[in-house]
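Structure record follows, encoded as structure tokens.
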Amino acid sequence: MMDILYTGPIQAERESPMARSERPSGRARRPAAQRPNPCCFCWCCCCSCSCLTVRKEDENRARRKSQDTKLETIPNCEACTKPTVDEMRQWAQCFDKLMKSPAGRNVFREFLRTEYSEENMLFWLACEELKKEMNTSAIEEKARLIYEDYISILSPKEVSLDSRVREVINRKMQEPTPHTFEDAQLQIYTLMHRDSYPRFLNSSIYKNLLQSGSRSSSES
């Protein structure tokens, strides 16, 4: 048998210059991968994804910072006397005592402003003002402004109401009365009581006010 002499790894055959010149100079490009339709998982088939609407509430809250109500009857701060320490402590006993106190409403409203939910208090105050109105034309005008400021979905100060209450309001707006927004006012009152009030009692705004009042009382 003939022995095979091992001479090492076989080197690849060099390409001739002529072969290189005949080879196409450009590389064939791969077809670009088709981008997925950004709206595939959205609720609509238009180009602008409706899923972006989940940010609507956050954007609204950011805009509320600089928005002013159309109702000139609501001042930036209700006129009130300086609350005593006992009165401030009573605010923590129940939400009704807080809301019945002008000073308490002012402090609570300041807290709501830090949470970008001041519109809840503004709406409640506007409803209280409407209940005091006796003039028919003034009632219609104030009801219209309340609707535009707090009920309309186009308003940056829109309050959170369920569909049942909105239907009731839409029916009553055909002939507005001082009690047109009664159901809505109760719903917002309940929302502030259950959602914002517990956080208010634990907030630095309330605690610092209480400590400052206690310190002033002890010094005097």
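The values are calculated or read from the model by the stated rules, or taken from the named source; none is laboratory data. These numbers were taken from a predicted model, which means no experiment stands behind them. All Cβ positions, glycine included, derive from the backbone under ideal geometry; neighbour counts span all protein chains shown. These accessible areas exclude ligands, DNA and RNA; they are computed on the full protein's heavy atoms, side chains included. Shrake-Rupley method; radii C 1.70, N 1.55, O 1.52, S 1.80 Å.
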message: Let me confirm something: among I139, I205, I169, which residue is of a type in the set (V, I, T), part of a helix (DSSP H, G or I), open to solvent by 40 Å² or more (accessible area, probe 1.4 Å) and touching a Ser or Thr at 6+ places or on another chain (Cβ under 8 Å)?
response: I205
message: Return the residues of the range 87-129 that are polar (S, T, N, Q) and either surrounded by 14 or more Cβ atoms within 10 Å (Cβ to Cβ) or part of a helix (DSSP H, G or I) (or both); say none if nothing qualifies.
response: Q90, S101, N106, T114, S117, N120
Flag if I153 is at negative phi and surrounded by 17 or more Cβ atoms within 10 Å (Cβ to Cβ): no
message: I'd like to verify a number: residues in the range 173-202 that are buried (at least 17 other Cβ atoms within 10 Å of the Cβ), touching a Phe, Trp or Tyr at 6+ places or on another chain (Cβ under 9 Å) and either of a type in the set (S, T, Y) or in a helix (DSSP H, G or I) (or both), how many?
response: 9
query: Based on what the data block shows, is L130 modelled with pLDDT under 95, more than 23 Å from Q90 (Cβ to Cβ) and touching a helix residue (DSSP H, G or I) at 6+ places or on another chain (Cβ under 9 Å)?
result: no
message: Being of a type in the set (D, E) and at pLDDT 95 or above is the filter here; which residues of the range 190-220 pass it?
response: D195
